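**Student:** Here's a structure for you.
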Amino acid sequence: MLECSDCGTRRSADGLETVCEACGMPWLVRYPARAPTLIDRTELRRGHGMWRFRAFLPLLPGEEPITLGEGDTPLLRVQRIGERLGLENLWVKDEGSNPTGSFKARGIGAAVTRAVASGATRFVLPTAGNAGVAAAAYGARAGVPVRVYAPRSTPPTILSQILAYGGDLALVDGHIGHCGQHARAYASDTGAVDLSTLREPYRIEGKKTLGFELALQLGWTLPDAIVYPAGGGTGLIGMWKAFGELRDAGWIHGRLPRMYAVQSTGCAPVVRAFDAGADECQPWEDPRTAASGLRVPAPLGGRLMLQSLRESGGAAVAIDDAVLEAEARTATAETGVDFSPEGGAALAGARELLARGILDPANHVVAFNTGAGWLYREAGGLPPT
Ligand SMILES: *Cc1c(COP(=O)(O)O)cnc(C)c1O
């Protein structure tokens with residue numbers, strides 16, 4: 001069943017829905033008929049990847065997921081980074097090791113699975129980059145064509161990955177908001193299913209597995225704080241939904257983590273709204289950042305992101321591009337984990353939160369490296385021979 005995140009309207013799901021017909025805001029999936037039990041928890045070990053959590057996912061009995069092996073990403077203690085930043089118990093969840101190099105594989109995998117099972121024969125999506133790579137790959141896996149609208153300024157390696165997976169790539173002068181207008185026109189002309197963030201309810205369901213996996217890896221406990229580089233907001237919203245579902249199922253107890261969003265000072269609508277005490281984001285003029293996943297000037301999930309930050313007792317901070325890029329470079333060479341600029345933003349954000357006294361040096365902190373650094377690099381920079 002679907003429940004509107006804003007006006008509370010409910011309806012049954014057909015697997016091909018967009019946003020709430022009454023108010024235009026995102027649907028959230030609810031599972032009133034299936035309450036996972038503690039027995040399901042002991043059986044998890046037998047599954048693998050994100051679909052081991054299928055008791056919480058939109059897959060009907062007898063259906064099989066469209067999968068490339070997403071999930072089961074490493075949760076790594078990063079002592080040297082922690083010492084440098086002043087955090088004694090810092091961990092990184094490395095989402096760059098997913099198929100297609102980013103955590104977008106989880107959400108797109110779930111959305112493509114649900115839509116194809118419900119009869120989709122064509123997809124479209126606007127992207128700041130990595131969602132386009134994932135959509136092209138999962139479309140190829142399903143044998144369904146995918147039109148991708150991406151800004152011309154997207155890192156070239158990301159664009160070439162979209163093409164490599166057979167994506168039908170159209171470049172747009174502008175940002176993801178402009179791409180979204182093209183995608184909606186294409187969807188209404190062709191009947192393609194629009195996979196835009198929160199314009200269908202199932203990407204969030206895939207993103208929940210970030211939270212489930214973290215709890216599993218920590219023996220059904222959760223950290224004090226999660227530091228997450230937020231763009232469209234699916235990761236934050238998904239994890240917060242996951243923690244609520246785990247608690248309702250009796251799989252975890254006690255305090256939930258404080259959720260912290262990190263953005264770039266070149267595009268920080270969530271930070272601005274959080275600091276102003278607002279309950280929704282205003283569009284950011286002229287968004288600019290090398291962390292392309294964070295270049296989302298008017299997130300449809302703004303209200304839900306702000307809710308998850310406030311309900312959890314978290315906050316939002318913005319970091320300059322020069323600082324987040326330098327942090328990604330340093331941390332990559334320091335650990336062997338390949339940090340994207342977004343991952344660098346999470347680490348630099350943790351340092352900033354510590355400096356403001358919001359994080360304590362002894363806190364158990366998990367920072368997310370949402371994608372792999374190689375997606376942002378071009379060949380070159382080799383020493384002269
Ligand atoms: C898309 C993306 C983000 C932002 O993700 P949301 O969960 O939608 O806020 C962050 N980092 C990377 C690498 C991304 O591709």
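**Student:** Can you give me the number of residues within segment 318-354 that are assigned to a helix (DSSP H, G or I), in contact with a strand residue (DSSP E or B) (Cβ under 7 Å, 6 or more places away or on another chain) and among the acidic types (Asp, Glu)?
**Tutor:** At the first step, the residues of segment 318-354 found to be assigned to a helix (DSSP H, G or I) are 321-335, 341-354.
The next check asks that each one be in contact with a strand residue (DSSP E or B) (Cβ under 7 Å, 6 or more places away or on another chain); those that pass are 321, 324, 328, 331-332, 342-343, 345-350, 352-353.
Now narrow it down to the ones that are among the acidic types (Asp, Glu): 321, 342, 352.
Matching residues across segment 318-354 total 3.
**Student:** Looking at segment 73-174, what strands (runs of 3 or more DSSP E) fall wholly within it and have at least 1 residues that are over 30 Å from Asp360 (Cα atoms)?
**Tutor:** Numbers: elements: 75-77, 89-94, 123-126, 146-151, 168-172.
By residue number, 123-126, 146-151, 168-172.
**Student:** Sticking with this one: Would you confirm whether any residue within segment 62-81 is over 23 Å from the mean Cα position of the chain (by Cα), assigned by TED's automatic domain parsing to the domain that holds Pro257 and surrounded by fewer than 20 Cβ atoms within 10 Å (Cβ to Cβ)?
**Tutor:** Yes: segment 62-81 contains one or more residues that are over 23 Å from the mean Cα position of the chain (by Cα), assigned by TED's automatic domain parsing to the domain that holds Pro257 and surrounded by fewer than 20 Cβ atoms within 10 Å (Cβ to Cβ).
**Student:** Of everything in segment 242-262 that's surrounded by fewer than 22 Cβ atoms within 10 Å (Cβ to Cβ) and in contact (Cβ under 8 Å) with a residue 60 or more places away in the chain, which residue is nearest to Ala318 (Cα to Cα)?
**Tutor:** Filtering first and then ranking leaves Glu245.
Rundown of residues vs (1) away from the ligand (no atom under 12 Å from the Cβ); (2) at pLDDT 95 or above; (3) not charged (D, E, K, R), yes/no style:
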position	(1), (2), (3)
Gly266	yes, yes, yes
Val271	yes, yes, yes
Ala276	yes, yes, yes
Asp279	yes, yes, no
Ala291	no, yes, yes
Arg303	yes, yes, no
Gly314	yes, yes, yes
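**Student:** Moving to a separate point now. How many residues does segment 7-62 contain that are modelled with pLDDT of 90 or more, charged (D, E, K, R) and either outside any loop (DSSP other than H, G, I, E, B) or in contact with a Cys (Cβ under 6 Å, 6 or more places away or on another chain) (or both)?
**Tutor:** Qualifying residue count, segment 7-62: 4.
**Student:** Then there is this: For segment 288-315, which positions are in contact with a His (Cβ under 7 Å, 6 or more places away or on another chain) and buried (at least 24 other Cβ atoms within 10 Å of the Cβ)? Give the derivation first.
**Tutor:** Our first condition is that a residue be in contact with a His (Cβ under 7 Å, 6 or more places away or on another chain); within segment 288-315, this holds for 295, 297.
Correct list: Arg295 only.
For every residue, the table says whether it meets (1) within 30 Å of Arg45 (Cα to Cα); (2) within 14 Å of the ligand (Cβ to nearest atom); (3) among the hydrophobic types (A, V, I, L, M, F, W, C).
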| position | (1), (2), (3) |
| --- | --- |
| Arg203 | yes, yes, no |
| Thr221 | yes, no, no |
| Val227 | yes, yes, yes |
| Gly233 | yes, yes, no |
| Ile237 | yes, yes, yes |
| Met259 | yes, yes, yes |
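The values are calculated or read from the model by the stated rules, or taken from the named source; none is laboratory data. Remember, predicted model here, so these are calculated numbers, not experimental data. All Cβ positions, even for glycine, are placed from backbone atoms using ideal geometry, and neighbour counts span all protein chains on display.
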